Amino acid sequence: MDELADLVNDRKWYVPGEDDGTPRSAPNRPLFVSFYKHDETIVVGSGFDAALQIREARESGIEKLPLVLVYNHIFQRPVGGFAPDARLRTLADEFYERGLELTAVPEWQVGDYHKLASPGELKEVVEVPEREDVSEVRWETVKRELLANDRAPSRPLLLTLVRTGAGRAWVDKPVVVSVASEMGIEEMPVVLFYHRLDRSPCGEPADGEDMLCKAALAAGAEEAVCRGGDEPTTAQLDTSPGSDALRMLDSTPVSITANLYSGLNYTQNHYNQDRCAS
């Protein structure tokens, strides 16, 4: 326990969700320890949250805590590694231009997130619908949901970045961003997901598009979103401007993101081919 306490500092790679009485709030819940290859540093939990958990464990007479070790590739960073006021546009450009990613948050489903962002900040990265493009019923429903949850979404917004060409991004609840903007909501929790279409093991042809296509089909997309190949499982995703694939991705991003996160986890753990030299 003393060893853990000595490693705790104010660095963080995510912001924990509020304590809502779930099992994750138990004093002996696992503590996440993140190792960073690029600067050989260690980040324990999420700064103050980790220190509090260790203190509560000590007060409860717990001598040891279970640990979850997170090993980061050289291109992964803690959110605290960027300027405190770094905007989503900056984080997106760091990924598009340099391939830098934030370490994935442990449990976004229960409220953990990377950073708070304003609706305007989100609109710098993704396109969201104008009010006239959303039905009045849908608009008012979203507005009521935000008001009922203290002017905040029920869970963090999921922002997906794809590193291909000039880069592409979408958010899982674009209407929420539009309504929040009109309501004057200043900030909302955001989680970033990253996908690369050019990553594969060294010496092997890149198959990111093929895996993305499979994930899209698994999420319920029509076979028409893929092109080429004799079988849907060997086809490629048509990501040309105005393609059915991109319209489908924009209209049903929650299922797509969920499948991408699990189905493409393999590609998330390999370097790009341009990192295979020597």
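General remarks:
- Remark: pairs (first residue in the stretch 112-133, closer than 13 Å to Val175 by Cβ; second residue of a type in the set (Phe, Trp, Tyr); Cβ separation under 7 Å; 6+ apart in sequence or on different chains) = Val126/Trp170; Arg131/Trp139.
- Subset of the stretch 158-189 (residues that are of a type in the set (Gly, Ala, Ser) and outside any strand (DSSP E or B)): Gly165, Ala166, Gly167, Ser178, Ala180, Ser181, Gly184
- Boolean, Thr160 is among the polar types (S, T, N, Q), surrounded by 18 or more Cβ atoms within 10 Å (Cβ to Cβ) and more than 30 Å from Val8 (Cβ to Cβ): yes
- Counting only helices (runs of 4 or more DSSP H) that fall entirely inside the stretch 40-139 and contain at least 1 residues that are at pLDDT below 95 and surrounded by fewer than 18 Cβ atoms within 10 Å (Cβ to Cβ), the qualifying elements are 48-59, 88-98.
- Taken over the stretch 155-184, residues that are more than 16 Å from Lys143 (Cβ to Cβ) and not hydrophobic (A, V, I, L, M, F, W, C) amount to 9.
The values are calculated or read from the model by the stated rules, or taken from the named source; none is laboratory data. These figures come from a predicted structure and were not determined experimentally. For neighbour counting, all protein chains shown are included, and Cβ atoms are generated from backbone atoms with ideal geometry for every residue, glycine included.
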